[in-house]
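Readers should treat all values here as calculations from the given coordinates under stated rules, not as data from a laboratory. Keep in mind it's a predicted model, so treat the numbers as computed, not measured. Don't worry about glycine lacking a Cβ; one is built from the backbone with ideal geometry, like all the others, and counts go over all protein chains shown.
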Amino acid sequence: MSRRTLQLDDALLGYVQTHTAREHPELARLREFTATHPRAGMQIAPEQGALLQLLVRLTGARRTIEVGVFTGYSALAVALALPADGRILACDVSDEFTALARPYWERAGVAGKIELVLAPALATLDARLAAGAAGQYDFAFIDADKSNYDGYYERCLALLRPGGLMAIDNTLWSGRVARPVDARGDADTAALQRLNARLPDDPRIDLALLPIGDGLTLARRR
Ligand code: CA
């Protein structure tokens with residue numbers, strides 16, 4: 001192991017957040033609203049939103065995919081970074097959670113960029129592949145049920161163009177990926193460990209695993 005340079009305590013994390021995220025007012029309102037939600041932990045961190053926006057702009061993305069919308073913070077961040085003709089295929093199964101997102105998307109003026117499909121994402125992505133959309137997308141963000149991450153990864157990789165970028169959230173899983181899965185069996189941790197274990201050997205991608213938020217893996221299709 002190389003030398004550790006940073007211990008990210010609360011003070012330093014707060015410093016990172018106040019010195020990186022220039023949140024659109026609707027992003028800030030949505031984050032504050034979602035913080036009161038019982039499942040608030042499913043929302044990405046503001047510094048991750050800033051990174052997603054930068055990555056969308058760096059890749060010149062126009063067509064993007066989101067797997068796992070929750071209350072819509074990441075979709076709003078990506079939509080704000082897309083050009084006027086940019087589009088997000090947003091996949092989720094929860095009408096209850098995604099309904100909370102729409103007023104924020106509308107007030108920010110980007111609702112027209114977000115095509116929300118309420119169905120299991122594997123089926124939605126398979127339908128796009130069957131319709132000939134392989135290689136047609138520029139960017140994908142995966143942040144949904146961990147047991148299906150392998151399936152989301154394979155489908156998004158097929159849908160991305162060469163040079164397209166995938167971002168996968170929660171790949172450090174509060175540090176649990178670095179510990180043995182206990183005897184009771186933690187299916188989510190095991191699924192993340194399997195994905196993390198095979199990505200470094202996948203010749204189809206360039207790879208970086210960032211300790212930002214709960215761990216964010218970046219995979220660029222070669
Ligand atoms: Ca997440």
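Run the simple label-point estimate for MET1 and GLU106 please: 7 Å along Cα→C-beta, distance reported in nm.
5.0
Can you tell me which of 159-165, 82-88, 37-43 comes out highest on packing, and rank the rest after it, using the mean Cβ neighbours within 10 Å? Mind dumping the intermediate values first?
Details: 159-165: 19.0, 82-88: 16.6, 37-43: 13.4.
Highest mean packing first, the order is 159-165, 82-88, 37-43.
Once the other residues with Cβ under 10 Å from the Cβ of MET166 are scored (Lys, Arg +1; Asp, Glu -1), what is the net sum?
Values: positive: ARG220, ARG221; negative: none.
Summing Lys and Arg as +1 and Asp and Glu as -1 gives +2.
Based only on other Cβ atoms within 10 Å, what is the fewest-to-most ordering of PHE141, PHE97, PHE70? Before the final figure, lay out the partial values.
Values: PHE141 29, PHE97 18, PHE70 23.
Least to most surrounded, the residues fall as PHE97, PHE70, PHE141.
If you project the alpha carbons of segment 1-50 onto the principal axes, what extent comes out on each, in Å, largest first?
Sorted largest first, the three principal extents are 39, 24, 17 Å.
In percent, what relative contact order does the chain have, based on Cα pairs under 8 Å that are 6 or more apart in sequence? Before the final figure, lay out each step's value.
On the way: 367 pairs, mean separation 36.9, N = 222.
Rounded, it is 17 percent for the chain.
Can you list the residues, at least 5 places off or on another chain, whose amide H is less than 5 Å from the amide H of ARG62, using H built in the peptide plane?
ASP138
Just to confirm a number: summing +1 for Lys and Arg and -1 for Asp and Glu over residues other than ASP188 whose beta-carbon lies under 9 angstrom from that of ASP188, what do you get?
Working: positive: LYS146, ARG176; negative: ASP145, ASP186.
Summing Lys/Arg as +1 and Asp/Glu as -1 gives 0.
Cα gyration tensor of segment 69-145, axes a ≥ b ≥ c as square roots of the eigenvalues: rounded (a/c below 1.5), prolate (a/b > b/c) or oblate? Could you put the intermediate results ahead of the total?
On the way: a/c = 2.07, a/b = 1.24, b/c = 1.66.
It is oblate, given that a/c is not under 1.5 and a/b is not larger than b/c.
Can you sort VAL110, VAL69, VAL93, VAL181 from fewest to most other Cβ atoms within 10 Å of each residue's own Cβ? The partial results should precede the final answer.
Details: VAL110 23, VAL69 28, VAL93 17, VAL181 14.
Placing the least packed residue first, the sequence is VAL181, VAL93, VAL110, VAL69.
Need one word for the chain: rounded, prolate or oblate. Basis is the Cα gyration tensor (sqrt eigenvalues a ≥ b ≥ c); a/c below 1.5 gives rounded, then a/b vs b/c decides. Kindly include the intermediate steps, with their values, before the conclusion.
Working: a/c = 1.38, a/b = 1.08, b/c = 1.27.
Taking the square roots of the gyration eigenvalues as a ≥ b ≥ c, the chain is rounded.
Based on the inverse mean of 1/r over its pairs of different Cα atoms, what is the Kirkwood hydrodynamic radius of segment 119-222, in Å?
Details: mean 1/r = 0.0709 Å⁻¹.
Across segment 119-222, the inverse of the average 1/r is 14.1 Å.
Amide H to amide H, which residues 5 or more places from GLY164 or on other chains are under 5 Å from it, using H placed in the peptide plane?
ARG221
Most exposed first by the Cβ proxy, i.e. fewest other Cβ within 10 Å, how do ARG62, ARG221 rank?
On the way: ARG62 16, ARG221 20.
In order of increasing Cβ crowding within 10 Å: ARG62, ARG221.
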